[in-house]
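Report on one structure; see the data block that follows.
Values in this text are rule-based calculations from the coordinates and carry no lab data. Nothing here was measured: the structure is a model prediction, and the numbers come from that model. Cβ atoms come from the backbone with ideal geometry, glycine included; neighbour counts cover every protein chain shown.
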Ligand code: SIN
Ligand code: MN
């Protein structure tokens, strides 16, 4: 595997997963999405996110009018399914850590979906990295600073790319400006799936 690019402390592993590995991950996610269907979380200020989400693991990231947090179960009441082993092995590969994530957020971007600049800071211990896996359509990933505002830099993430957000970059603002809907044929209905693996508890 090639060395990662470093952009403001984010390690960007381009083409970390080849096409067969991407297809294996997608297959492993199918039963997860069936047991814990995607939903559009409410945002504290009102309205809903354009990205649909669900989770796997011991807890799942959740948002409603009361705020952002990790929840013990899916809004339907079912337990979050386990994180597939194929997904955990991506974490092992890029972090080399013994500790494994206890939550995997699954974001689905349909046509027009985006995610505003934000920090990932709902986890108990912010010293563990967050690992992001991109599947499907290309996405324009924007990286900002440790505080809101200032100059930003962007990079297109393609299917099979993996990003490690750790160390001093763990609290860097980031978001997705847009996807190139239909740029990949990996997802049968088009769109993009992003997995973020987190040590949350
Ligand atoms: C996220 O920050 O939770 C998602 C990033 C992405 O979709 O690449
Ligand atoms: Mn994030």
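Could you say which residue among 16, 104 is in contact with a helix residue (DSSP H, G or I) (Cβ under 8 Å, 6 or more places away or on another chain) and assigned to a loop (DSSP other than H, G, I, E, B)?
Of the residues listed, the single one that is in contact with a helix residue (DSSP H, G or I) (Cβ under 8 Å, 6 or more places away or on another chain) and assigned to a loop (DSSP other than H, G, I, E, B) is 16.
Filter segment 180-201 down to residues that are within 19 Å of residue 28 (Cβ to Cβ) and surrounded by 13 or more Cβ atoms within 10 Å (Cβ to Cβ), then give me how many there are.
Counting residues in segment 180-201 that are within 19 Å of residue 28 (Cβ to Cβ) and surrounded by 13 or more Cβ atoms within 10 Å (Cβ to Cβ) gives 11.
Restricting attention to segment 165-201, which residues are within 12 Å of ligand 1 (Cβ to nearest atom) and touching a helix residue (DSSP H, G or I) at 6+ places or on another chain (Cβ under 9 Å)?
Listed by number, the residues that qualify are 193, 195, 197.
Looking at (1) within 17 Å of the chain's Cα centre (by Cα); (2) closer than 30 Å to residue 67 by Cβ; (3) assigned to a helix (DSSP H, G or I), find the lone condition where residue 34 falls short.
Only one criterion in (1) within 17 Å of the chain's Cα centre (by Cα); (2) closer than 30 Å to residue 67 by Cβ; (3) assigned to a helix (DSSP H, G or I) is unmet by residue 34, namely (1).
Determine which member of the set 14, 34, 3 is without any contact (Cβ under 8 Å) to a residue 60 or more places away in the chain and within 22 Å of residue 143 (Cβ to Cβ).
Answer to the selection: 3.
Looking at (1) in contact with a strand residue (DSSP E or B) (Cβ under 6 Å, 6 or more places away or on another chain); (2) within 14 Å of ligand 1 (Cβ to nearest atom), find the lone condition where residue 153 falls short.
Going through the list (1) in contact with a strand residue (DSSP E or B) (Cβ under 6 Å, 6 or more places away or on another chain); (2) within 14 Å of ligand 1 (Cβ to nearest atom), residue 153 breaks only (2).
For segment 39-50, does any single residue satisfy the condition of being within 16 Å of ligand 2 (Cβ to nearest atom), closer than 29 Å to residue 156 by Cβ, surrounded by 16 or more Cβ atoms within 10 Å (Cβ to Cβ) and in contact (Cβ under 8 Å) with a residue 40 or more places away in the chain?
The answer is yes; a qualifying residue exists.
Within segment 189-199, identify whether any single residue is more than 25 Å from residue 58 (Cα to Cα) and not in a loop (DSSP other than H, G, I, E, B), and answer yes or no.
no
So residue 113 clears everything in (1) closer than 20 Å to residue 11 by Cα; (2) crowded, with 20+ Cβ neighbours inside 10 Å; (3) more than 12 Å from the chain's Cα centre (by Cα) except one condition, right? Which one?
(1)
Scanning for something part of a strand (DSSP E or B), surrounded by fewer than 20 Cβ atoms within 10 Å (Cβ to Cβ) and within 11 Å of ligand 1 (Cβ to nearest atom), does segment 118-129 turn up at least one residue?
yes
Scan 115, 53 and give me the residue that is within 16 Å of ligand 1 (Cβ to nearest atom), touching a residue at least 12 places away in the same chain (Cβ under 8 Å) and over 13 Å from residue 196 (Cα atoms).
After ruling out the rest, the residue left standing is 115.
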